[in-house]
Amino acid sequence: MKKIQRILVSALVCALAVLMACSNNDGSRSSEEKLPIGNLSEKILGKWIHAETDGAPVLTNQKSVHTFVLEDSTIKAYNSLAMNDVGAWWEFRKQMDVAIDGNKVTVKGKYDNGKSVITEMTVTSVAEKEMQLDAKTTLFNDGEAYAVIGPRHEKYVLVEKDYSQDILGTWEGHITSDQSAFDDSKMHRWEYKDDGTYVYFGLDEDGEWQADVNSKGEYFVDGNLLCTRWKNVGDPEEHREWWEIASISNGVMEWTALRRNDQNSDYTATFSMRRIQEP
């Protein structure tokens, strides 16, 4: 079984590499030809969310957040990602080691499941609220590389607000767009707790809220990225969905997400809710 999985992953990576090799060249100088960026170790500090890959916007369910901080004169990175592709990742502010050499930033991290990752990023430009870089990520299992993602060109934007505390409490709302992946156009209710779990309430036939819908509900918020996973009662399959929190103000929370439907077309889903109970 593991051999089959490795073959499938290898095929996926090879296909990805071919697509990237065929991407348009904008005629700009390569990473190696870029002039050194002064004070890069200071300019990358902050919380950044993945916005684009090779010029295309990143679907919300594929986004990640990377926070660079200075701790005891050493730069550390804290990465949050919850992706299902190339392995099921669910990591909230995972601490990573950082090395900077010129314009090259190397981020390394080890995980409890025996996996480790090395991402090599050559920063091509960094401004106050935007960073662009060329990246290659190598995934390891027990020290053996099993997947290489990239090289790819990525754009990150600075996250200026962290909603991890503002989301706490009970919220009620509904979809405000034409479509969404997990929606029935009815009212929904969530209680977000400070231990990383949440309770989803569904309306029964009598119009009463019931908290017996999910057998599992977990979430985390890093900056403006809300990642959730759950299992429905009687269903062993785990579902995942994440949103970008557009705002939380005056007891109203707005979500937005870039999705792709079954027809391979992208659309923007939006959701609005009001807080009905404080934490």
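Some observations on this one:
- Alpha carbon centroid spacing (whole Å) that separates region 186-253 from region 87-145: 30
- Accessible area per residue (1.4 Å probe, heavy atoms of protein chains only) ranks 271, 92 as 92, 271, with the largest value leading.
- Total formal charge among the other residues, if their Cβ is under 12 angstrom from that of residue 52, Lys/Arg +1 and Asp/Glu -1: 0
- Three-way shape label, region 197-256, alpha-carbon gyration tensor, a/c 1.5: oblate
- Local electrostatic count, residue 227, Cβ distance below 11 Å [Lys/Arg +1, Asp/Glu -1]: -2
- Counting only protein heavy atoms and a 1.4 Å probe, region 204-279 has 54 square angstrom of accessible area per residue.
- Apportionment of accessible area to carbon and sulfur, region 140-279, percent (1.4 Å): 42
- A 1.4 Å probe over all protein chains sorts 70, 203 by accessible area into 70, 203, starting with the largest.
- Modelled FRET efficiency - R0 45 Å, residue 176 with residue 127, Cβ distances, 0.05 increments: 0.90
- Accessible area of residue 142 in the full protein assembly, 1.4 Å probe (Å², nearest 10): 130
- Under-5 Å amide H pairs with residue 246, H placed in peptide plane, nonlocal only: 254, 255, 256
- Model label points for residue 157 and residue 94, set 7 angstrom from Cα along the Cα-to-Cβ axis, are 2.6 nm apart.
The values are calculated or read from the model by the stated rules, or taken from the named source; none is laboratory data. Bear in mind the structure is a predicted one, so any value in this text is a computation, not a measurement. Note that each Cβ is placed from the backbone with ideal geometry, even for glycine, and that neighbours are counted across all protein chains shown. Ligands, DNA and RNA are stripped out before the accessible areas are found, and what is left, the full protein with its side chains, is counted by its heavy atoms. Shrake-Rupley method; radii C 1.70, N 1.55, O 1.52, S 1.80 Å.
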